[in-house]
1. Considering only residues of the stretch 113-149 that are away from the ligand (no atom under 16 Å from the Cβ) and hydrophobic (A, V, I, L, M, F, W, C), which is nearest to residue 82 (Cα to Cα)?
2. Out of everything in the stretch 126-139 that is within 16 Å of residue 45 (Cβ to Cβ) and open to solvent by 30 Å² or more (accessible area, probe 1.4 Å), what residue ends up being farthest from the chain's Cα centre (by Cα)?
3. Those residues that are of a type in the set (Asp, Glu), touching a residue at least 40 places away in the same chain (Cβ under 8 Å) and at negative phi, I need them from the stretch 201-236; list them, please.
4. Is there a residue in the stretch 77-84 that is more than 19 Å from residue 44 (Cα to Cα), of a type outside the set (Phe, Trp, Tyr) and within 16 Å of the ligand (Cβ to nearest atom)?
5. Which is more than 28 Å from residue 8 (Cα to Cα), of a type in the set (Asp, Glu) and surrounded by fewer than 17 Cβ atoms within 10 Å (Cβ to Cβ), of 270, 278?
6. For the stretch 160-254, please list each of the strands (runs of 3 or more DSSP E) lying entirely inside it that holds at least 1 residues being charged (D, E, K, R), assigned by TED's automatic domain parsing to the domain that holds residue 30 and under 29 Å from residue 9 (Cα atoms).
7. Evaluate the following for residue 244: is it open to solvent by less than 70 Å² (accessible area, probe 1.4 Å) and under 30 Å from residue 95 (Cα atoms)?
8. When residue 64 is evaluated against the numbered criteria (1) under 17 Å from the mean Cα position of the chain (by Cα); (2) modelled with pLDDT under 95, which criterion, by number, is the only one it fails?
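The values are calculated or read from the model by the stated rules, or taken from the named source; none is laboratory data. Just so you know, these numbers come straight off a predicted model, no measurement behind them. Cβ atoms come from the backbone with ideal geometry, glycine included; neighbour counts cover every protein chain shown. These area figures cover heavy atoms from the full protein model, side chains too; ligands, DNA and RNA do not enter into them. Shrake-Rupley method; radii C 1.70, N 1.55, O 1.52, S 1.80 Å.
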Amino acid sequence: MKIEKINISENRAEVIISNAEVHFLNAFRRTLLIDVPKMAIDKVEIHLGAISDETGRTYESTTPLFDEIIAHRLGMVPVPTDGEALLNDHLKPEAECDCANAGCQNCQVMFSLNKRGPATVYSGDLEPLGDEKLKPKDPKIPIVKLTEDEGILIYAIAHLGTGKMHARWQAVHAAGYRPIPEITINQKKVNDPESVVDNCPSGVYEISKKSLNAKNPETCILCRTCEHEDISGKDAIKVNANTSRYFFKFETDGAVDPKTAIIYALRVLEARYSDFQESLEEMK
Ligand SMILES: [Zn+2]
């Protein structure tokens, strides 16, 4: 199996996987979704009683939403997760950390949130205690609106988890793949190259040096419009989807970078397959 990079940005990956079978791609997709860990807020302490500001003015610690809803919304805010620490196994789930649930930098990140109305509380109002790099990358996720004299004071703790446990720990989203077809063009039989370019809905073709060229086969959606006699000419184009090359794409919520997610998921699969192989050998 080979993975070629097409485009990997901060929270999106597009790669070509060749020499792979569909069952492997599906295992890879599912592993990305449920086994790549990330940090997410799962403990929230909401201050009760009056909140005073520097001028001595007091605010009621009430909001229009139930505390549970605010806690849930904070849990779904993507918290940056150090990819290097994740791959080096320095970050650990709370239960597996050497600190024995005391809480340390390997297993938790603490945040504070202190805001007074009238205002909208956003994810960007979460202040990490310690490294500023741990501030949520998307600062504009609304949490709650505060009116005059309302205030909110929260301490929140993020721990490491996976999508298997709860959606708040799902780092990878919208993972999917499609085959990249082999497109054979018989130039002599192509009647109208421009009609092929114009009728392809996904921009596969271009005209280069007066001949038709399948420039972007990875964008093909297998609609087979180009194979039609009226579009290209009789037997002019053949689209063969039975290949072992696939276009694979996914997004992350910004907590984990896509390259870390790919490496982590492949390691999980490798360990799982070798466990399976060992069990098979024991049965012999
Ligand atoms: Zn710890």
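1. Step by step, filter the stretch 113-149, then rank; the result is 126.
2. We begin by selecting, within the stretch 126-139, every residue within 16 Å of residue 45 (Cβ to Cβ); these are 126-129.
Still in the running and open to solvent by 30 Å² or more (accessible area, probe 1.4 Å): 127, 129.
On the way: 127: 23, 129: 25 Å.
Per the stated criteria, the residue is 129.
3. Restricting attention to the stretch 201-236, the residues satisfying the condition of being of a type in the set (Asp, Glu) are 206, 218, 227, 229-230, 235.
Within this subset, residues satisfying the condition of being touching a residue at least 40 places away in the same chain (Cβ under 8 Å) are 218, 235.
Result: 218, single match.
4. Just the residues of the stretch 77-84 that are more than 19 Å from residue 44 (Cα to Cα), to begin with: 82-84.
Subset that is of a type outside the set (Phe, Trp, Tyr): 82-84.
The next check asks that each one be within 16 Å of the ligand (Cβ to nearest atom); those that pass are 82.
Taking every residue of the stretch 77-84 in turn, at least one turns out to be more than 19 Å from residue 44 (Cα to Cα), of a type outside the set (Phe, Trp, Tyr) and within 16 Å of the ligand (Cβ to nearest atom).
5. Values: 270 fails: more than 28 Å from residue 8 (Cα to Cα).
From the options 270, 278, the qualifying one is 278.
6. The qualifying strands (runs of 3 or more DSSP E) are 172-179, 182-185, 205-208, 245-252.
7. Working: open to solvent by less than 70 Å² (accessible area, probe 1.4 Å): yes; under 30 Å from residue 95 (Cα atoms): no.
Criteria not met by residue 244.
8. So the condition that residue 64 fails would be (1).
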